[in-house]
1. Take Lys116 and decide whether it is open to solvent by 70 Å² or more (accessible area, probe 1.4 Å), at pLDDT below 90, farther than 23 Å from Tyr2 by Cβ and touching a Lys or Arg at 6+ places or on another chain (Cβ under 8 Å).
2. If I filter the range 120-131 for residues that are in contact with a helix residue (DSSP H, G or I) (Cβ under 8 Å, 6 or more places away or on another chain), farther than 27 Å from Leu13 by Cα and modelled with pLDDT under 90, do I get at least one hit?
3. Taking Glu93 as meeting all but one of (1) farther than 22 Å from Tyr141 by Cβ; (2) within 14 Å of the chain's Cα centre (by Cα); (3) open to solvent by less than 30 Å² (accessible area, probe 1.4 Å), write down the number of the exception.
4. Just to check your reading of the model, which residue among Tyr25, Tyr37, Tyr46 is in contact with a strand residue (DSSP E or B) (Cβ under 8 Å, 6 or more places away or on another chain), hydroxyl-bearing (Ser, Thr, Tyr), closer than 28 Å to Leu142 by Cα and open to solvent by less than 70 Å² (accessible area, probe 1.4 Å)?
5. Does the range 49-63 include one or more residues that are small (Gly, Ala, Ser), touching a residue at least 24 places away in the same chain (Cβ under 8 Å), at negative phi and surrounded by fewer than 18 Cβ atoms within 10 Å (Cβ to Cβ)?
6. What number goes with the only condition from (1) closer than 15 Å to Leu132 by Cα; (2) modelled with pLDDT of 90 or more; (3) of a type in the set (D, E, K, R) that Asp87 does not pass?
7. Kindly evaluate Gln136 against the criterion of being at positive phi and at pLDDT 80 or above.
Amino acid sequence: MYNKIIENLTLYLNEEEIKQFEVCYNESTREYKDKLYLNNINMLEYINNVLYSLSIYQVGIQSLLACILLKTDNINYNYISREYGEDTSTMLEALVKIDNVKEKTNYLIDNENYRKIFVALAKDYRVLVIRLVMQQELMKYLN
């Protein structure tokens, strides 16, 4: 799957952006190899599927990096801002806020939590695109 992702990225990203993607991917996905998402989905497989879909939609490098970093442990926003840019860090922060709202409420979301989600999404529409693609990929695992 990784080769298909890179093949798609070469259609619209420059060499420097692809290199940045590869570095981020290689650093982050080491954590995903034995990790499960929602107790039964292989995290690396899931992230690769999301990245592949995002590459088909030709999203920017910041969106791809935020997606890769979302499920990593111990997110350091200062490091991410320095290494991958402020946009990546801001998107990642919004994505994490959305995930935190869902986890804290066991997916039973009240009006205040909806407000928090919409505020996070309103800051950057790219966050919405990432979340929609992630949900689309999760739907594929439903039986």
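1. The answer is yes for Lys116.
2. Within the range 120-131 (the criterion being in contact with a helix residue (DSSP H, G or I) (Cβ under 8 Å, 6 or more places away or on another chain), farther than 27 Å from Leu13 by Cα and modelled with pLDDT under 90), the answer is no, since none of the residues qualifies.
3. (3)
4. Tyr46
5. yes
6. Unmet condition: (1).
7. For Gln136, the condition - at positive phi and at pLDDT 80 or above - is not met.
The values are calculated or read from the model by the stated rules, or taken from the named source; none is laboratory data. Bear in mind the structure is a predicted one, so any value in this text is a computation, not a measurement. Cβ sites come from the backbone with ideal geometry, for glycine too, and all protein chains shown count toward neighbours. For accessibility, only protein heavy atoms count, side chains too; no ligands or nucleic acids. Shrake-Rupley method; radii C 1.70, N 1.55, O 1.52, S 1.80 Å.
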